Amino acid sequence: MFTKKVFVGIGGNQGNSIQKLRRSLKCISMIPKVKIVSKSSLYLTEPVGFKKQPNFYNAVIRLETRLTPFTLLKKLLRIETFMRRKRHFKNSPRIIDLDLLLFSNYSKNFKGKSMLVLPHPRLHLRAFVLFPLVEISPNNIIPGIGLSRNYKKLCSGQKITRLKIPFDNSLIIKF
């Protein structure tokens, strides 16, 4: 099986979010058959949907993997559980959120224990993942949609700020 290019969205707005995003990055880097190739800057964004909550910190990472989409999704969900993510309601505050955005050139609804839709169905409409994705892969094609950078204008009403805070796992403080 050849290596596939994957993009994962990372976000959170509970507790020390930046530290938790860094910790999730460290956890992802420890998944066998997964290599982190690049990572975006950190972004501060307003919540989408449920507005009465703190702003979110977000980033996107690019991986190379030999895992299947479902296997990688399972590992990402395990990291969320390990970091004590609770699922209260749609768009609720969260400690960590790891979303499989793009997996190679897959454009498919996968059925199984958990539904997986690739590419992520709202990727091109959400500044909090689209801007970091375009930062690290400006010429990326979203299967069934088109060139990712062409969709930034659809997100123009969403507040997003690129931060000048390092996003790497070398600054992790244990908690």
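The values are calculated or read from the model by the stated rules, or taken from the named source; none is laboratory data. Note that the structure is predicted; figures quoted are calculated from it, not measured. As a convention, Cβ positions derive from the backbone with ideal geometry for all residues, glycine included, and neighbour counts pool all protein chains shown.
From the list L123, L118, which one is under 16 Å from the mean Cα position of the chain (by Cα), surrounded by 16 or more Cβ atoms within 10 Å (Cβ to Cβ) and modelled with pLDDT of 80 or more? Spell out the reasoning first.
Numbers: L118 fails: modelled with pLDDT of 80 or more.
Residue meeting the stated conditions: L123.
Restricting attention to segment 11-30, which residues are touching a Pro at 6+ places or on another chain (Cβ under 9 Å) and part of a strand (DSSP E or B)?
Hit for segment 11-30 is G12, nothing else.
Kindly list, by first and then second residue, each pair from a residue in segment 84-109 that is outside any loop (DSSP other than H, G, I, E, B) to a residue that is at pLDDT below 75, limited to pairs with Cβ atoms under 8 Å and residues at least 6 apart or on different chains.
D97/R85; N109/M115
How many residues, within segment 140-153, are among the aliphatic types (A, V, I, L, M), in contact with a helix residue (DSSP H, G or I) (Cβ under 6 Å, 6 or more places away or on another chain) and outside any loop (DSSP other than H, G, I, E, B)? It would help to see each step written out before you state the result.
Filtering segment 140-153 for residues among the aliphatic types (A, V, I, L, M) gives 141-142, 145, 147.
Subset that is in contact with a helix residue (DSSP H, G or I) (Cβ under 6 Å, 6 or more places away or on another chain): 142, 145.
Retained after the next criterion (residues that are outside any loop (DSSP other than H, G, I, E, B)): 142.
The number of residues fulfilling the criteria is 1.
Mind checking which pairs have a first residue in segment 24-49 that is of a type in the set (K, R) and a second that is in a strand (DSSP E or B), Cβ under 7 Å, 6 or more apart or different chains?
Cβ pairs passing all conditions: K33/T65; K35/L63; K35/E64; K39/A59; K39/I61.
Quick one: in segment 154-175, of everything that is of a type in the set (A, V, I, L, M), in a loop (DSSP other than H, G, I, E, B) and at pLDDT below 80, which residue is surrounded by the most Cβ atoms within 10 Å (Cβ to Cβ)?
The qualifying residue surrounded by the most Cβ atoms within 10 Å (Cβ to Cβ) is I172.
What's the total number of residues in segment 46-62 that are touching a strand residue (DSSP E or B) at 6+ places or on another chain (Cβ under 9 Å) and either among the hydrophobic types (A, V, I, L, M, F, W, C) or surrounded by fewer than 22 Cβ atoms within 10 Å (Cβ to Cβ) (or both)? Reasoning before the result, please.
Just the residues of segment 46-62 that are touching a strand residue (DSSP E or B) at 6+ places or on another chain (Cβ under 9 Å), to begin with: 46-48, 55-62.
Next, only the ones that are either among the hydrophobic types (A, V, I, L, M, F, W, C) or surrounded by fewer than 22 Cβ atoms within 10 Å (Cβ to Cβ) (or both) stay: 46-48, 55-56, 59-62.
Selection size over segment 46-62: 9.
So, K74, is that one surrounded by fewer than 18 Cβ atoms within 10 Å (Cβ to Cβ), more than 18 Å from P132 (Cβ to Cβ), touching an Asp or Glu at 6+ places or on another chain (Cβ under 9 Å) and not aromatic (F, W, Y) or not? Can you show your working first?
Working: surrounded by fewer than 18 Cβ atoms within 10 Å (Cβ to Cβ): yes; more than 18 Å from P132 (Cβ to Cβ): yes; touching an Asp or Glu at 6+ places or on another chain (Cβ under 9 Å): no; not aromatic (F, W, Y): yes.
No.
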